Each structure stands twice: as C-alpha cells, then as structure tokens.
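Undergrad: First the structure, which I've put down as structure tokens, then a few questions once you've had a look.
The values are calculated or read from the model by the stated rules, or taken from the named source; none is laboratory data. This one's a predicted model, so the numbers in the text were calculated from it and none came from an experiment. Here the Cβ positions follow ideal geometry from the backbone for every residue, glycine too, while neighbour counts run over all protein chains shown.
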Amino acid sequence: MDTGEGRPAAHIAMTGFEILDPRFERFVLFHAPLEKLAGGFRWAEGPVWFADHRCLLFSDIPNNRIMRWSEATGLSVFREPSDYSNGHTRDREGRLISCLHGRSALVRTEHDGSITVLADRFEGRRLNSPNDVVVKRDGTIWFTDPHYGIAMDYEGGGRRDEELPCRLYRLDPATGGIEVAADGFACPNGLSFSPDETRLYVADTGRIEDADADRHIRVYDVGPDNRLSGERLFHRVSPGAADGFRCDEHGNLWTSAGDGVHCLSPDGTLLGKVRVPEIVANLCFGDRHRSRLFICGTTSLYAVWLNLRGA
Ligand code: MG
C-alpha cells in the first residue's frame, strides 16, 4: 500500500476558502494554502494533536492502524493493529483515549504504553462500536456509541446484533461509573463542548440502512451537575453530513462535510468553508497556537493555517 511516506507536502492550488458571511473573513489567511500532508489511507478519522511531541495521531480505520504525522519526521505507523480505532482525544493527564470498533470498547493508553479498557459494557451488555470521544475539564469522558463498527464488516468488529441502543455515554474515570448522558439518537457520532463547556454539540449521522436519515447536529445545555437539557437542532450540514467537529476559541464549530470543512457560528449560521477535494470525516486544531486545522479527508491528511486558535 502506498502510504505517502517520505513525500513532501503537496500544496493544493486553490486556497479552498469560501466566504459566505463577513464574519468568516478574519479567520482566513489568504496566503496559507490547503496542504496535503500525506495520503494512501482508506478512511482517515479521529485526529488528535500532541503539542508536547508536536505530532498528530489519527486512525486509518479499515487498514486497522493508527498513523503518526509530524513536520519533522513525516508519516509513520504508530500502532498496528489498532483494533480498528476511530475517534481519539487526550485526558487531563495527556493520555490517549481511543474508541475501538474491533473490541467495541473505549480504551486509555497509559504513559508506559499499556492499554486499559475503560468501558466495553453497560449494565452487562456489550457496547456497539464507540465512535468519537471528548474529555471535559472536570475529567469526565463523553463518548458516542453508534452501530457503524458492528454493522460494517470492514471495520473489523464483525457483524453482530446490537445489544444496546445507540447512545451518548458519560464515564467518570475516578469511579469507573458509566451513565447514559443522552438517548434518542439514530446514530450519534462526533461531539464537542463549547469553549465554556455550557453547551455540547452531538452529530447524529443516521443508521447506515436508512438512506433518508435526518443527519444533523444537535446541541444541549450542560448543567453544573453534567446533566444535559434543552436538546434542540443546531444545524444540518449539506452537502454530506457532520461526522466529527471541534470548536474554536470564539465558539464557532468547525465541522466535517461532503465538500470540506464548514465553519458554523454559535447561532448555527454557516459562515464559510474550507474546500477539500475529498469527503471529510473529522478534524482537529493543533500545532503552533492551535492555529492549524488538521483534516482527515478519506484517503488523505490535509492541513490549513487559520487566523484563530482551537478551543
Ligand atoms: Mg465519527
């Protein structure tokens, strides 16, 4: 397989910025092109930035591996096999938290490299296929559990019946306790807190057998007791759907879409786009000042510098 290793970054000719609202203009650096950093993946997902190592980790799900990219050393394989990992984040101690389709589990990579299973069951029944994960400042771990990983053979979990509804869970690592944070999804997917953590955005990307699924981002108010309330529709991304997303320092939500990355204001207005020549699944901010947006676009890893910081 061509992993694109050792190749110089290819610059995409078009900057790819599409300004739909004047508020978007100040975020754009017109001299900064969309860069293709690496390619040769089958479905790139789950990027997470390690500022202390100046590197990015991300999943190549069907190829059952986690990739590592850095400016200094380029692309390499971080972990293979990866148990078909998908979304990643870091906890308050900087440890890698990963969603695994292969084991239907949420796991933590300890500082010594060993792997701890944080969750693979709820009330005695197996989770489906944890998809994406975020850690709140209080250390609680929030993750989605749709059916994709066990509904699609290529993601390695093997087809099996769902034992649980597709939900959003909250895990308290201090006690190991898991609670249902929100229910009533077709298939919850990406998730992100607003910078002040008073809001939680969650994507619902619909069941794979439902071609007419209502794919959307919903938003909740987050109470001081971590209870969610006030569920409401936030935005329907088009073309494509919102899979993964992250907030910037101003509270704008940068979401994956069928034609690249869409920037949504806190009121749900589409402000502008970063056009990407492949379907985007997920993204994260990183590098200097968290001002570089790393984009997982199907077979490739892209990046673009922005005039703002990730939250
Ligand atoms: Mg996802």
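Undergrad: I need the full set of residues from segment 271-289 which are closer than 15 Å to F24 by Cβ and out of contact with any Ser or Thr (no Cβ under 9 Å at 6 or more places or on another chain), in order please.
TA: Going through segment 271-289, the residues closer than 15 Å to F24 by Cβ turn out to be 271-275.
The answer is G272, K273.
Undergrad: While we're looking at this one, here's another question. Please work out which one of (1) closer than 28 Å to H53 by Cβ; (2) at pLDDT below 95; (3) away from the ligand (no atom under 14 Å from the Cβ); (4) of a type outside the set (S, T, Y) is the condition G158 fails and give its number.
TA: All conditions are met except number (1).
Quick grid of which residues meet (1) over 23 Å from the mean Cα position of the chain (by Cα); (2) farther than 20 Å from A281 by Cα; (3) not polar (S, T, N, Q):
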| position | (1), (2), (3) |
| --- | --- |
| I19 | yes, yes, yes |
| R26 | yes, yes, yes |
| L29 | yes, yes, yes |
| A32 | yes, yes, yes |
| E35 | no, no, yes |
| F41 | no, no, yes |
| N63 | no, no, no |
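Undergrad: Now a separate question. Hey, can you tell me all the residues within segment 172-216 that are more than 14 Å from the ligand (Cβ to nearest atom), assigned to a strand (DSSP E or B), of a type in the set (D, E, K, R) and under 22 Å from W254 (Cα atoms)?
TA: Of everything in segment 172-216, just one residue is more than 14 Å from the ligand (Cβ to nearest atom), assigned to a strand (DSSP E or B), of a type in the set (D, E, K, R) and under 22 Å from W254 (Cα atoms), namely R199.
Undergrad: Here is a follow-up. Among the listed residues G297, G244, G260, G251, which satisfies the condition of being buried (at least 23 other Cβ atoms within 10 Å of the Cβ) and on the phi > 0 side of the Ramachandran plot?
TA: On the way: G297 fails: on the phi > 0 side of the Ramachandran plot; G244 fails: on the phi > 0 side of the Ramachandran plot; G251 fails: buried (at least 23 other Cβ atoms within 10 Å of the Cβ).
None of the others qualify; the one that does is G260.
Undergrad: Filter segment 103-153 down to residues that are more than 15 Å from the ligand (Cβ to nearest atom) and in a helix (DSSP H, G or I), then give me how many there are.
TA: Within segment 103-153, residues that are more than 15 Å from the ligand (Cβ to nearest atom) and in a helix (DSSP H, G or I) number 1.
Undergrad: Further, regarding this structure: Just checking, does segment 256-267 include any residue being within 16 Å of the ligand (Cβ to nearest atom), more than 20 Å from V134 (Cβ to Cβ) and either of a type in the set (G, A, S) or in a strand (DSSP E or B) (or both)? Talk me through it step by step, then tell me what you get.
TA: Applying the first criterion (within 16 Å of the ligand (Cβ to nearest atom)) to segment 256-267 yields 256-258, 261-262.
Of the ones still in play, those that are also more than 20 Å from V134 (Cβ to Cβ) are 258.
Cutting the leftovers down to either of a type in the set (G, A, S) or in a strand (DSSP E or B) (or both) gives us 258.
Looking for residues that are within 16 Å of the ligand (Cβ to nearest atom), more than 20 Å from V134 (Cβ to Cβ) and either of a type in the set (G, A, S) or in a strand (DSSP E or B) (or both), one finds at least one in segment 256-267, hence yes.
Undergrad: Moving on to the next point. Testing N189 on (1) touching a Pro at 6+ places or on another chain (Cβ under 9 Å); (2) among the polar types (S, T, N, Q); (3) surrounded by fewer than 16 Cβ atoms within 10 Å (Cβ to Cβ), one condition comes back false. Which one is that?
TA: Answer for N189: the failing condition is (3).
Undergrad: May I ask you to list the residues in segment 1-26 that are more than 15 Å from I295 (Cβ to Cβ), of a type outside the set (D, E, K, R) and at pLDDT 50 or above?
TA: I19, L20, P22, F24
Undergrad: For segment 22-94, give me every one of the strands (runs of 3 or more DSSP E) that falls completely inside it and has 1 or more residues that are hydroxyl-bearing (S, T, Y). Walk me through how you get there before you give the answer.
TA: Numbers: elements: 35-39, 44-50, 55-60, 65-70, 74-79, 85-90.
Passing ranges, in order: 55-60, 65-70, 74-79, 85-90.
Undergrad: Looking only at segment 273-285, count how many residues are surrounded by fewer than 22 Cβ atoms within 10 Å (Cβ to Cβ) and away from the ligand (no atom under 16 Å from the Cβ).
TA: Summing the residues that are surrounded by fewer than 22 Cβ atoms within 10 Å (Cβ to Cβ) and away from the ligand (no atom under 16 Å from the Cβ) in segment 273-285 gives 3.
Undergrad: Within segment 221-241, identify whether any single residue is within 15 Å of the ligand (Cβ to nearest atom), of a type in the set (G, A, S) and either surrounded by 15 or more Cβ atoms within 10 Å (Cβ to Cβ) or at pLDDT 95 or above (or both), and answer yes or no. Quick ask: steps written out before the conclusion?
TA: In the first step, residues of segment 221-241 are kept if they are within 15 Å of the ligand (Cβ to nearest atom); the result is 237, 240-241.
Now restrict to residues that are of a type in the set (G, A, S): 240-241.
After this cut, where a residue has to be either surrounded by 15 or more Cβ atoms within 10 Å (Cβ to Cβ) or at pLDDT 95 or above (or both) as well, the list is 240-241.
Taking every residue of segment 221-241 in turn, at least one turns out to be within 15 Å of the ligand (Cβ to nearest atom), of a type in the set (G, A, S) and either surrounded by 15 or more Cβ atoms within 10 Å (Cβ to Cβ) or at pLDDT 95 or above (or both).
Undergrad: Does D120 meet the test of being more than 23 Å from C284 (Cα to Cα), in contact (Cβ under 8 Å) with a residue 12 or more places away in the chain and touching a Ser or Thr at 6+ places or on another chain (Cβ under 7 Å)? Steps first, please.
TA: Values: more than 23 Å from C284 (Cα to Cα): yes; in contact (Cβ under 8 Å) with a residue 12 or more places away in the chain: yes; touching a Ser or Thr at 6+ places or on another chain (Cβ under 7 Å): yes.
Yes.
Undergrad: A further question on this structure: Is it fair to say I97 is under 16 Å from P173 (Cα atoms), crowded, with 21+ Cβ neighbours inside 10 Å and under 19 Å from the mean Cα position of the chain (by Cα)?
TA: Working: under 16 Å from P173 (Cα atoms): yes; crowded, with 21+ Cβ neighbours inside 10 Å: yes; under 19 Å from the mean Cα position of the chain (by Cα): yes.
Taking the combined requirement at face value, the residue satisfies it.
Undergrad: Ok, one more. Which numbered condition in (1) at pLDDT 95 or above; (2) under 21 Å from V276 (Cβ atoms) is the only one that V77 fails?
TA: (2)
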